[in-house]
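Note sheet for the following structure.
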Amino acid sequence: MTAVPETSDVKHLIGGDWRPASDGATFETRDPHDDSLLGNVARGTAADGADAITAAREAFDEGPWPRMSPKERAKILHAVADKVDEHREELSLLETRDGGKGINQAQHAEIPRVAHNLRFFADYVAMAANEAYPDGDLLSYTLYPPAGVVSAISPWNAPLMLATWKIAPALAFGNTTVLKPAPQTPLTANRFAQLALEAGLPEGVLNVVHGFGGEAVAGPLTSDPRVDRITFTGSSATGVRILQAAAPNHTPVSAEMGGKSANIVFADADLDVAVPMSIRAIFGGNGQVCLSGSRLLVQNSIMGEFLDRFTDEAKKLTVGDPKDPANFVGPLIEQKHLEKVHSYVELAESEGGKILTGGSRLTDDARAKGFYYPPTVIAGLTNDSRTAREEIFGPVETVLGFDTEDEALRIANDSPYGLAGILFTDNLNRAHRMAARWKAGTVWINTFFERDLRLPFGGEGSSGLGREGGQYSREFFTEPRAVTIRLRS
Ligand code: NAD
């Protein structure tokens, strides 16, 4: 195991200054492995939120950042990415302690993706082509000036990876930003901001404020007319509140929200691929992943064999200290969330579900102080049960059967959510047919979680509003402008 870094008081970063909350209030961030105290965090007030917007506004209206060429900005963002690479182990361990993230996942997937987010958008902007249409003596073209001040509000389940999925494009396109990380996981945002300043990001371009949703620090971030864009990732209920807060100012919102995605396995699938991938799709990250395949649809002709293999694999997964790379997953984020997850398991039983494995908190000596819950597999429910319709956001798989392709799609699409679809089949025609008819922002066929950042990312229905990624991020983080000039001979 790697040594644990020291943590200290966690302040806001506003216009280059590290500051406590305006009223001095703090809240605790704790380690979900043993509930030990990691740091006291500035509990942001509405005044702190407004100050951070003022700093971002000044940096946008008067500072160098929006006026730099894309190549100049790209150079600095690459330097920030280099810093992230240099500090990969430290950032990974912070993520692991603050949010219970498995160290392997942090070191080999999420923190490298932070650096990739920065490099990808830096290069995308520097190399993007603009349209130009010569038409006789008229020349028309599009400009993509930055939108202005961007509020970025992020969740706890992949803290720095999702924060930089917002900040990286916002900065690359020339905006200035105010980031509010989730209160459960504030640590990596601050370390990242320190590294960004060291790498040459001008002061005021990235501001970080901490605290809770609702009326305090998050109030101005969503309702201040000086904010030009709001990019949010979190639950669908919070997304609605943010849309309401933004509406009076007509502030555009990009919202990446919850999911209840179907993972469909056909009898013609290669089960040596489908079983381990389906395991990863629900139990990776403890099911605390928006894209989780939390409704497992298995063709009835292979239900017995598939379910035996799937349940056996689920039982073998090691759940323990996330700092130990031998463990597959760590604890859930906090006590309240553990209670929510368990309440859904109780609900499933009352709805007639049969627990095939898991189903109660792990309380042995090594795990008693933390929020540990085992992989849980539930069969015997229908798609209209609450267990199958509501987002649990934990290691709980609901297994449903189907006979035909049409039936599988009908069940998959019968959900308020529409984030992802996961499909295992060796029938190429079926794969394309289903991808075209699936209510989902992303469809994976015989794989899971692979992302090409040029493609749109987002969800349908309660899963989201708008898309980000590649050109879709350009649409959102800029104010596209049509220019037409008549040329005189
Ligand atoms: P959450 O909605 O409780 O909080 C997300 C962020 O919003 C936090 O920073 C929180 O402090 C802030 N917030 C809460 N109320 C607010 C308000 N009224 N105004 C402004 N900000 C407010 O979500 P969470 O529990 O942190 O994250 C889990 C949820 O996120 C799940 O529903 C999951 O599916 C979703 N998620 C979606 C994606 C995606 O890409 N679609 C990715 C990761 C997580």
message: Would you confirm whether or not segment 286-306 contains a residue that is within 22 Å of Ser36 (Cβ to Cβ) and either surrounded by fewer than 19 Cβ atoms within 10 Å (Cβ to Cβ) or under 23 Å from the mean Cα position of the chain (by Cα) (or both)?
response: yes
statement: How many residues of segment 315-339 are surrounded by 15 or more Cβ atoms within 10 Å (Cβ to Cβ) and among the basic types (Lys, Arg)? The answer is 1
field: Counted residues, segment 121-142 - those being assigned to a loop (DSSP other than H, G, I, E, B) and surrounded by 14 or more Cβ atoms within 10 Å (Cβ to Cβ)
entry: 1
- request: Inspect segment 351-361 for any residue being in contact (Cβ under 8 Å) with a residue 40 or more places away in the chain, crowded, with 21+ Cβ neighbours inside 10 Å and over 16 Å from Leu317 (Cβ atoms) and give the result as yes or no.
  value: yes
task: Hey, could you check segment 183-217 for residues that are surrounded by fewer than 24 Cβ atoms within 10 Å (Cβ to Cβ), among the small types (Gly, Ala, Ser) and closer than 28 Å to Val240 by Cα and say which is nearest to the ligand (Cβ to nearest atom)?
output: Gly213
- prompt: When you scan segment 158-181, how many residues do you find that are buried (at least 24 other Cβ atoms within 10 Å of the Cβ) and outside any helix (DSSP H, G or I)?
  reply: 9
task: Kindly establish whether Ile411 is crowded, with 17+ Cβ neighbours inside 10 Å, assigned by TED's automatic domain parsing to the domain that holds Gly304 and farther than 21 Å from Met303 by Cβ.
output: no
- prompt: How many of the residues making up segment 467-487 are within 21 Å of Trp438 (Cβ to Cβ) and surrounded by fewer than 19 Cβ atoms within 10 Å (Cβ to Cβ)?
  reply: 1
query: Which members of segment 259-285 meet the condition of being of a type in the set (Gly, Ala, Ser) and buried (at least 22 other Cβ atoms within 10 Å of the Cβ)?
result: Gly259, Ser261, Ala262, Ala269, Ala274, Ser278, Ala281, Gly284, Gly285
- prompt: Does any residue in segment 385-412 that is in contact (Cβ under 8 Å) with a residue 12 or more places away in the chain come within less than 7 Å, Cβ to Cβ, of a residue that is among the acidic types (Asp, Glu) and assigned to a loop (DSSP other than H, G, I, E, B) six or more places away or on a different chain, and which pairs are these?
  reply: Ser385/Glu351; Arg386/Glu351; Thr387/Glu351
- prompt: Consider Ser489 against the criteria (1) part of a loop (DSSP other than H, G, I, E, B); (2) modelled with pLDDT of 95 or more; (3) hydroxyl-bearing (Ser, Thr, Tyr): it satisfies all of them except one. Which criterion is unmet?
  reply: (2)
field: From Gly370, Gly394, Gly401, Gly421, residue being in contact with a His (Cβ under 6 Å, 6 or more places away or on another chain) and not in a helix (DSSP H, G or I)
entry: Gly370
- line: Checked segment 220-235 for anything within 7 Å of the ligand (Cβ to nearest atom) and either without any contact (Cβ under 8 Å) to a residue 60 or more places away in the chain or under 15 Å from Ile53 (Cβ atoms) (or both); matches are Leu221, Thr222
message: I want to confirm something. Restricting to segment 447-464 and keeping residues that are polar (S, T, N, Q) and within 10 Å of the ligand (Cβ to nearest atom), which single residue is nearest to Leu419 (Cα to Cα)?
response: Ser463
- prompt: Does segment 73-95 contain at least one residue that is among the hydroxyl-bearing types (Ser, Thr, Tyr), over 29 Å from Gly219 (Cα atoms) and crowded, with 19+ Cβ neighbours inside 10 Å?
  reply: yes
statement: The strands (runs of 3 or more DSSP E) lying wholly within segment 9-55 that contain at least 2 residues that are surrounded by 17 or more Cβ atoms within 10 Å (Cβ to Cβ), among the aliphatic types (A, V, I, L, M) and modelled with pLDDT of 95 or more are 12-14, 37-42
query: From Leu296, Leu291, which residue is away from the ligand (no atom under 14 Å from the Cβ) and either in contact with a helix residue (DSSP H, G or I) (Cβ under 9 Å, 6 or more places away or on another chain) or of a type in the set (A, V, I, L, M, F, W, C) (or both)?
result: Leu296
message: What pairs come out if I take residues in segment 181-200 that are under 22 Å from Leu338 (Cα atoms) and pair them with residues that are of a type in the set (A, V, I, L, M) and more than 16 Å from the ligand (Cβ to nearest atom) whose C-beta lies under 8 Å away, six or more apart or interchain?
response: Leu187/Leu38; Leu187/Leu94
message: Of the conditions (1) near the ligand (Cβ under 9 Å from one of its atoms); (2) at pLDDT 95 or above, Gly174 satisfies every one except a single condition; which number is it?
response: (1)
Odd one out for Asp270 among (1) within 9 Å of the ligand (Cβ to nearest atom); (2) touching an Asp or Glu at 6+ places or on another chain (Cβ under 7 Å): (1)
- request: Considering every residue within segment 236-244, establish whether at least one is small (Gly, Ala, Ser), touching a helix residue (DSSP H, G or I) at 6+ places or on another chain (Cβ under 6 Å) and either within 10 Å of the ligand (Cβ to nearest atom) or part of a helix (DSSP H, G or I) (or both).
  value: no
- request: For segment 245-267, name all the residues that are assigned to a loop (DSSP other than H, G, I, E, B), more than 14 Å from the ligand (Cβ to nearest atom) and within 22 Å of Glu475 (Cα to Cα).
  value: His250, Pro252
- prompt: Which of the residues spanning segment 138-182 are within 18 Å of the chain's Cα centre (by Cα) and of a type in the set (Ser, Thr, Tyr)?
  reply: Ser151, Ser154, Thr164, Thr177
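The values are calculated or read from the model by the stated rules, or taken from the named source; none is laboratory data. In this text the structure is predicted, and so the values were computed from the model without any measurement. We place every Cβ from the backbone using ideal geometry, glycine too, and count neighbours over all the protein chains shown.
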